[in-house]
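The values are calculated or read from the model by the stated rules, or taken from the named source; none is laboratory data. None of the values given here were measured: they were computed from a predicted structure. Positions of Cβ are generated from backbone atoms using ideal geometry, with glycine treated the same way; all protein chains shown enter the neighbour counts. Remember, those area values only see protein heavy atoms, side chains included, never the ligands or the DNA or RNA. Shrake-Rupley method; radii C 1.70, N 1.55, O 1.52, S 1.80 Å.
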Amino acid sequence: MKHNIAVLLSGNGSNLKAIINKGINVSFVASNNPKALGLRIAKNHNIPSYFWKNVSELEEEVLKLIVEYDVKLLVLAGYMRLLSKNFVNSLPSKFIVNVHPSLLPKYKGMNAIKQAIDDCAEFTGVTIHYVDEDMDSGSIIRQDIIKIHEIDTAESLKDRLQLIEHHLYSDTIKSILKKNSQD
Ligand code: GAR
């Protein structure tokens, strides 16, 4: 049986694309941003896509869709809003995963890549973690590290981090789905 995920995003959707290309079954995509390119990627792949600018409305509707589509894992892929405590607590633990462009717990929040550069950090990386009530918190599932070069800009570093994300996130999602289906 194929195990379904749902994806929440706010932007470009490059991680969504990598997840789709990995053959993972995406039941629906939802966004708080009507202009998110990720919504277009979903449409191009005939994946039902939804947007609500109002975040409480989005959360309320997504909870209904999760039941309707029998979703097994909720994947945040560049969803730039903090989920409410009520939303997170309405779902089982280890039901929501997130990808973040830093070695958490370092550089939480927005502009994690710029934070690392401004801090003159020698290394940064990618973290995949379960989502709890707090921002960029929750237990860490996998991390990968890269060196920051002197010539790196926020853009060049983002490009290198995203190459890692695309493999690490889709691989991790596949492993979680496989493990959950065996439990
Ligand atoms: C990704 O780089 C992800 O790590 C970051 O947003 C980007 C979305 O890219 N997420 C966060 O910063 C979460 N705090 P995408 O829309 O191309 O997948």
Check your understanding: Which whole-Hz ³J(HN,Hα) couplings does region 59-65 yield from phi under the Karplus relation 6.51 cos²θ - 1.76 cosθ + 1.60, θ = phi - 60°, glycine and proline marked x?
Key -> 4, 4, 6, 5, 4, 5, 5
Review point. Which of Ser31, Ser93, Ser170 moves the most in a Gaussian network model of the chain with Cα springs under 10 Å?
Key: Ser93
Point to revise | Where labels lie 7 Å past Cα in the beta-carbon direction, separation of Met80 and Ile117 in nm | key: 1.6 nm
**Study point:** Sequence-separation-based contact order of the chain, relative, with Cα cut under 8 Å and 6+ spacing, percent
**Key:** 20 percent
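Please go through the residue pairs Lys114/Lys174; Lys17/Lys158; Lys17/Lys114 and name each one whose alpha carbons sit more than 21 Å apart in this structure.
With Cα atoms farther than 21 Å apart: Lys114/Lys174; Lys17/Lys114.
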Review point. Roughly what % of DSSP beta bridges within the chain run antiparallel, to the nearest 5?
Key: 40 percent
**Study point:** Surrounding net charge for Ile141, when Lys and Arg each add one and Asp and Glu each subtract one, Cβ distance under 14 Å
**Key:** 0
Check your understanding: According to the Kirkwood expression over distinct Cα-Cα pairs, how big is the hydrodynamic radius of region 18-63, in Å?
Key -> 11.1 Å
Practice item. Quick one: dipole size for the chain, taken about the Cα centre, charges +1 on Lys/Arg Cβ and -1 on Asp/Glu Cβ, in debye to the nearest 20. Key: 580 debye
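Which net charge results for the neighbourhood of Lys108, defined as the other residues with beta-carbon distances under 15 angstrom from its beta-carbon, given Lys and Arg at +1 and Asp and Glu at -1?
-3
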**Study point:** Average projection area in nm² (convex hull over Cα atoms of region 48-183, one quarter of hull surface)
**Key:** 8.8 nm²
Study note, to complete from the structure: Between Leu73 and residues 5 or more places away or on another chain, the pairs with built amide H atoms under 5 Å apart involve Ala6
Review point. Which part of region 37-55 falls in the paramagnetic zone of Lys64, meaning amide N under 16 Å from the point 7 Å along Cα-to-beta-carbon?
Key: 49-55
Review point. Expressed as a whole number of Å, what is the distance separating the alpha-carbon centroids of region 1-73 and region 94-130?
Key: 22 Å
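With every protein chain kept in place and ligands, DNA and RNA left out, what is the accessible area per residue of region 54-134? Probe 1.4 Å, answer in Å².
50 Å²
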**Study point:** Within the chain, helix-based [θ] at 222 nm, where runs of 4 or more DSSP H residues each add -39,500 (n - 2.57), nearest 500
**Key:** -12000 deg cm²/dmol
Check your understanding: HN-Hα J couplings of region 66-83 from phi, Karplus 6.51/-1.76/1.60, θ = phi - 60°, integer Hz, Gly and Pro as x?
Key -> 4, 6, 4, 8, 6, 6, 9, 8, 9, 10, 8, 10, x, 8, 9, 10, 7, 6
Review point. Each residue of region 98-104 in turn: what ³J(HN,Hα) in whole Hz from Karplus with 6.51, -1.76, 1.60 and θ = phi - 60°, glycine and Pro shown as x?
Key: 9, 10, 9, x, 7, 8, 4
